[in-house]
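Here, each number is a calculation from the coordinates, and none is a lab measurement. The shown structure was predicted, so the numbers you read here are calculated from the model rather than taken from an experiment. Cβ placement follows ideal geometry from the backbone for every residue including glycine, while neighbour counts extend to all protein chains displayed.
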Amino acid sequence: MQINSKLPNIGTTIFTVMSGLAKEYNAINLSQGFPDFGCDAKLLEFAQKHMVAGFNQYSPMTGAQPLREVISELLQNCYDAVYHPDSEITITAGATQGIYTSIAAFINKGDEVIVFEPAYDCYIPAIEVHGGIAKPIQLEYPNFTINWTTVKNTITDKTKMIIINSPHNPSGTTLLESDLLELQKLVAGKNIIVVSDEVYEHMVFDGKPHQSAARFKDLSAQSIIVSSFGKTIHATGWKIGYIAAPKELMIEFRKVHQFLVFCVNHPFQLALADYLKDDSTYKGLHQFYQAKRDYFRKLVSGSRFVMEPCTGTYFQLMSYKNITEEKDTDFAVRLTKEKGLASIPLSVFYTNQQQQQLLRFCFAKKEETLEKAAEIICKF
């Protein structure tokens, strides 16, 4: 057969590659973003309760009602934002599905989508597979900030969507209130949808609030907010996320959603609804991960690696410019094979494979895991 690939330049994701190498070489895996510790026993009890009670068939297409109601309360409590659980919130099979469906529902052939790089690797393939044109704008190093003049100059009458991500994966930085206000001003009166990837919304450090698109009334009116519970509850394998958007956008989103996954794991949704009724389960998360960030940074502070700013997520970027001039992809592989520590090279998040001699390390790990990793890092 002759196959005309829609994604001829796309291979296996870097997360699969590096986690595979970590397993093959029995390396400490600080590459893929998942905890090596368990989730709360209460959460597992809730899941078992609902499975035993018989909630093992399809949930409603839009998601279990109790969970949508809890999410509505969360958005109100955290951002003073009102989203109706029936018409403005949909449960998804993780954030990646939510992002893909958002693009699929609104992007047509020739439409332009502004993406900020380094960008999480699911954005551009989803744009391209639907005939859209990604317009990458590089975040300004070292703080990975957005140049809003560049954004303004990039917007054309073909621009249909802007994707933002804060807290930002892979850099570990966060957008400020001033950034969201600039974005709100730029898209006002234009036929542009903002997709706001907020998966790490509860992991913002140093006493700063998360600047959700939901906080800004005019911006939220033309935004699709994407989040996920995997990071919040330390159970990335549950793959349950949510979308919050105005009714007119949600109608179109659900048209695609119903034929992509239809619905999501029913008993786990109900378990989440029970668990998240206690808002301390997410409101205290920033303190938990800030402690891990600070511990990891302290452990590696004497190394030849240079730590970059980390104001959110559970990722720490480190520069190896004082160690070697190797390409980051080569150094990441060598670090895994020879030293037993897996990380993620930053260049894979750029369309031009830009070399900045930076590696991303995940600190969502047990203290003993971080200590073993730091021992390897400090030996360089």
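Things to note:
- Label-to-label distance for PHE262 and ILE3 is 2.6 nm, based on points extended 7 Å past Cα in the beta-carbon direction.
- With R₀ fixed at 22 Å, the C-beta to C-beta distance from GLN353 to CYS122 puts the FRET efficiency at about 0.80.
- Student exercise, the stretch 43-281 dipole from Lys, Arg, Asp, Glu Cβ charges, in Debye to nearest 20: 480 debye
- When the chain is treated as a GNM with alpha-carbon contacts under 10 Å, the residue of THR154, THR92, THR336 showing the greatest mean-square fluctuation is THR154.
- The alpha-carbon positions of the stretch 225-337 define a convex hull whose volume is 185 Å³ per residue.
- Volume per residue that the Cα convex hull of the chain spans, once the total is divided by residue count, Å³: 151 Å³
- Mean separation of Cα pairs under 8 Å and 6 or more residues apart, divided by the residue count, gives the stretch 155-265 a relative contact order of 22 percent.
- Summing Cβ point charges (Lys, Arg +1; Asp, Glu -1) relative to the Cα centre of the stretch 87-161 gives a dipole of roughly 160 debye.
- For the residue pairs LYS321/LYS379; LYS190/LYS255; LYS109/LYS185, alpha carbon separations beyond 18 Å are given by LYS190/LYS255; LYS109/LYS185.
- For VAL151, net neighbour charge (Lys/Arg +1, Asp/Glu -1) across residues whose Cβ lies under 14 Å away: -1
- If both residues of a DSSP beta bridge must be in the stretch 43-281, then about 30% of such bridges are antiparallel.
- Under a Gaussian network description of the chain, with springs only between Cα atoms under 10 Å, the residue in GLU252, GLU88, GLU368 that fluctuates furthest is GLU368.
- Relative contact order for the stretch 30-149, counting Cα pairs under 8 Å that sit 6 or more residues apart, in percent: 16 percent
- A straight chain from LYS208 to GLU24 at 0.36 nm per residue would run longer than the Cα-Cα distance by 62.3 nm.
- Charge context of ASN165, other residues only, Cβ under 10 angstrom, K/R +1, D/E -1: -2
- Modelled spin labels at VAL82 and VAL52, positioned 7 Å past Cα toward Cβ, are 4.1 nm from each other.
- GNM top mover of GLY237, GLY312, GLY131 - the chain, alpha-carbon springs below 10 Å: GLY237
- A viscosity of 0.692 mPa s and a temperature of 37 °C, combined with the Kirkwood radius over C-alpha pairs in the Stokes-Einstein formula, give the stretch 5-107 a diffusion coefficient of 185 µm²/s.
- Largest-first ellipsoid semi-axes for the stretch 109-249, taking √(5λ) over the Cα gyration tensor eigenvalues, angstrom: 22, 18, 16
- Relative contact order computed over the stretch 43-281 (Cα-Cα under 8 Å; 6+ residues apart), in percent: 30 percent
- Dividing the helix sum by the residues of the chain, where each DSSP H run of 4 or more adds -39500 (n - 2.57), gives a mean residue ellipticity at 222 nm of -11000 deg cm²/dmol.
- Extension gain (nm, one decimal) between THR16 and GLU248, 0.36 nm per residue minus Cα-Cα: 79.9 nm
- Cβ-based net charge around ARG68, under 11 Å, with every Lys or Arg adding one and every Asp or Glu removing one: -4
- Stretchable slack from ARG334 to ASP157, in nm (0.36 nm times residue separation minus alpha-carbon distance): 59.1 nm
- Relative protection proxy for 315-326, 265-276, from highest mean packing down: 265-276, 315-326 (other beta-carbon atoms within 10 angstrom).
- Residues in the stretch 241-257 reached by a label modelled at ALA221 [backbone nitrogen below 16 Å; 7 Å Cα→Cβ]: 245-250
- Here each label is just a point 7 Å from Cα along the line to Cβ, and for LYS42 and LYS327 those points are 4.9 nm apart.
- Partners for LYS239 among lysines (Cα-Cα distance below 16 Å; same-chain residues under 8 apart left out): LYS231
- Proxy reagent accessibility, fewest Cβ within 10 Å first, across ARG360, ARG334, ARG304, ARG293: ARG334, ARG304, ARG293, ARG360
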